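The values are calculated or read from the model by the stated rules, or taken from the named source; none is laboratory data. Remember, predicted model here, so these are calculated numbers, not experimental data. In this analysis, Cβ positions are derived from the backbone assuming ideal geometry, glycine residues included, and neighbour counts consider all displayed protein chains.
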Amino acid sequence: MTSKQKTFGLANNRHQVAHWLMQVFFVGLMIGTTRVVITPFAEQEFGLAKDSLLLLSTFVISFGVVKGSINFVAGHWAERLGRKPVHILGWLIALPIPLLFYFAQSWSWVVAATLLLGINQGLTWSMTQTSKLDITASHERGLTIGLNEFAGYTGVALGGLVSAYVSQWLGLKTGLLIFGLAIISAALILTWLSILETKPWTEQQAQTTSQQTVSEPTSSWHVFKRMSWHDSRLLAITQAGCVEKFVDALVWVVYPVYLYQKTGDLTLTGWIISIYGLVWGVSQLITGHWSDRFGRQRLNVSGMAMTTLGVIMMPLMQSGLGWSVSAAITGFGMALLYPNLSAAIVDLSQPAWRATAIGIYRFWRDIGYAIGAFVLGLSAFLFQDLTAAFWAVGMSMAISTVWLAVRG
């Protein structure tokens, strides 16, 4: 046990919670910069046709594979090195990203920038979630993750919207350069000055919890097997996390193409996509707390079903209002399931291997980016119709919802 007794709870650690919420907001801003402008960037700078969806999806596939893998590594490193060093490393790796966009000579430069973005996101977002869970009480887990994802996905939504306006004002390359460097610089400075290491809280908790036993294996491989196939509840939750990322891949790759084709207006496209992110982000302020009161499973299954509905509605709508309503329904469904799938994983893990469990869940979840981007790109290519991507994702979500309902 540390020399000074640590106190748990959101109120007792409110200053550190606030600092970590600011960090995940910056993490969200960083990924948000690519959400709206990548499609016009690909077309204007490299002549990548809008109907080359399978090729366009390569940047999301690379992002998902890298981020998923780094999530696993991040949890392992966090147990050994601490949360703050891993978080700082994530921001240092992000520094070349705006420069790669600015000096890009081909689409491969964009893919390379996305690889670094995946590393940045895997290291930083994992640490914001893990660190807040370290210092809050067990009955606040849903609320804690809800606050984390609220700040992060509000950042994603605002990052996409701001990047659309900045890019129209300064140009695509200059806008991405200035906005990206401003985000990374602010995040690094605040991390160095304000963030405390939270690993001592988990060391104290691991020594005092009655659930932790000396003989229980805690190796990364043991936890990986347990979550990936040995434990049916953990597997059901993990597969749901993987498949729901198909939706986010759809929003990232297809929504900008589909909506820009329909509207011809980049800022309107940005607003509709931002509605999805803002509803998702803001609603998590309450949905995480709901799961602390009413349980995780009910909200997780409801969220999967509602997200499925929102995805299917999008290609059926014919107006800005209809697309906005569809985006809002999808966003609220994500808000119901997103923090509470993570909270369910935390409920079933122990302090000594919690960061590893979170990392493994996030590994499988973010691999869903890659799988989903490939599925939607392939479906659109085979049927030569963008709407096929919506139906492929909707069907995958429906099957995953049933699995979670039966086994979760």
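Please give the number of the condition ILE184 fails out of (1) modelled with pLDDT under 90; (2) surrounded by fewer than 24 Cβ atoms within 10 Å (Cβ to Cβ); (3) on the phi < 0 side of the Ramachandran plot.
For ILE184, the failing item is (1).
Assess whether THR198 counts as being crowded, with 19+ Cβ neighbours inside 10 Å, touching a residue at least 60 places away in the same chain (Cβ under 8 Å), more than 23 Å from the chain's Cα centre (by Cα) and under 27 Å from LEU348 (Cβ atoms).
no
Please go through the range 326-345 and pick out each residue that is under 16 Å from ARG293 (Cβ atoms) and either at pLDDT 95 or above or within 15 Å of the chain's Cα centre (by Cα) (or both).
ALA335, LEU336, PRO339, ASN340, ALA343
Sort out which residues of the range 66-80 are in contact with a Leu (Cβ under 6 Å, 6 or more places away or on another chain) and more than 18 Å from SER131 (Cβ to Cβ), and write them in order of number.
Across the range 66-80, the qualifying residue is only VAL66.
Please enumerate the residues belonging to the range 294-307 that are more than 16 Å from TRP252 (Cα to Cα) and either touching a residue at least 12 places away in the same chain (Cβ under 8 Å) or within 18 Å of the chain's Cα centre (by Cα) (or both).
Within the range 294-307, ARG296, GLN297, LEU299, ASN300, VAL301, SER302, GLY303, MET304, ALA305, MET306 qualify.
Is there a residue in the range 109-129 that is of a type outside the set (S, T, N, Q), in contact with a Ser or Thr (Cβ under 9 Å, 6 or more places away or on another chain), in a helix (DSSP H, G or I) and under 18 Å from GLY288 (Cα atoms)?
Within the range 109-129 (the criterion being of a type outside the set (S, T, N, Q), in contact with a Ser or Thr (Cβ under 9 Å, 6 or more places away or on another chain), in a helix (DSSP H, G or I) and under 18 Å from GLY288 (Cα atoms)), the answer is no, since none of the residues qualifies.
Of everything in the range 231-264, what is within 22 Å of ILE329 (Cβ to Cβ) and either hydroxyl-bearing (Ser, Thr, Tyr) or outside any helix (DSSP H, G or I) (or both)? Give them in sequence order.
If the condition is that a residue be within 22 Å of ILE329 (Cβ to Cβ) and either hydroxyl-bearing (Ser, Thr, Tyr) or outside any helix (DSSP H, G or I) (or both), then TYR255, TYR258, TYR260, THR263 are the ones that fit.
Every residue, every condition in (1) closer than 15 Å to GLY28 by Cβ; (2) out of contact with any Leu (no Cβ under 7 Å at 6 or more places or on another chain); (3) modelled with pLDDT of 90 or more, yes or no:
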{"site": "ILE93", "(1), (2), (3)": "no, no, yes"}
{"site": "LEU116", "(1), (2), (3)": "no, yes, yes"}
{"site": "ILE119", "(1), (2), (3)": "no, yes, yes"}
{"site": "THR124", "(1), (2), (3)": "yes, yes, yes"}
{"site": "THR144", "(1), (2), (3)": "no, no, no"}
{"site": "ALA151", "(1), (2), (3)": "yes, no, yes"}
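Can you pull out every residue in the range 325-360 that is within 18 Å of TYR276 (Cβ to Cβ) and outside any helix (DSSP H, G or I)?
none
Identify, please: which residue in the range 68-107 is assigned to a loop (DSSP other than H, G, I, E, B) and of a type in the set (S, T, N, Q) and is, among those, nearest to the chain's Cα centre (by Cα)?
Looking at residues that are assigned to a loop (DSSP other than H, G, I, E, B) and of a type in the set (S, T, N, Q), I get SER106.
I'd like the full set of residues that are touching a helix residue (DSSP H, G or I) at 6+ places or on another chain (Cβ under 7 Å), over 14 Å from GLU244 (Cβ atoms) and either in a helix (DSSP H, G or I) or among the β-branched types (Val, Ile, Thr) (or both), limited to the range 383-404.
Hits for the range 383-404 are THR387, ALA388, ALA389, PHE390, ALA392.
Out of GLY310, GLY322, GLY270, I need the residue that is assigned to a helix (DSSP H, G or I), of a type outside the set (Ser, Thr, Tyr), more than 23 Å from the chain's Cα centre (by Cα) and farther than 22 Å from GLN129 by Cα. Which one?
On inspection, the qualifying residue turns out to be GLY322.
Hey, any hits in the range 361-370 for a residue that's under 26 Å from GLN261 (Cα atoms), in a helix (DSSP H, G or I), among the hydrophobic types (A, V, I, L, M, F, W, C) and within 21 Å of the chain's Cα centre (by Cα)?
Yes: one or more hits.
Within the range 148-158, does at least one residue satisfy the condition of being without any contact (Cβ under 8 Å) to a residue 24 or more places away in the chain, in a helix (DSSP H, G or I) and not basic (Lys, Arg)?
no
Could you please give the count of residues in the range 74-102 that are over 21 Å from SER219 (Cα atoms) and not basic (Lys, Arg)?
Total meeting the criteria: 17.
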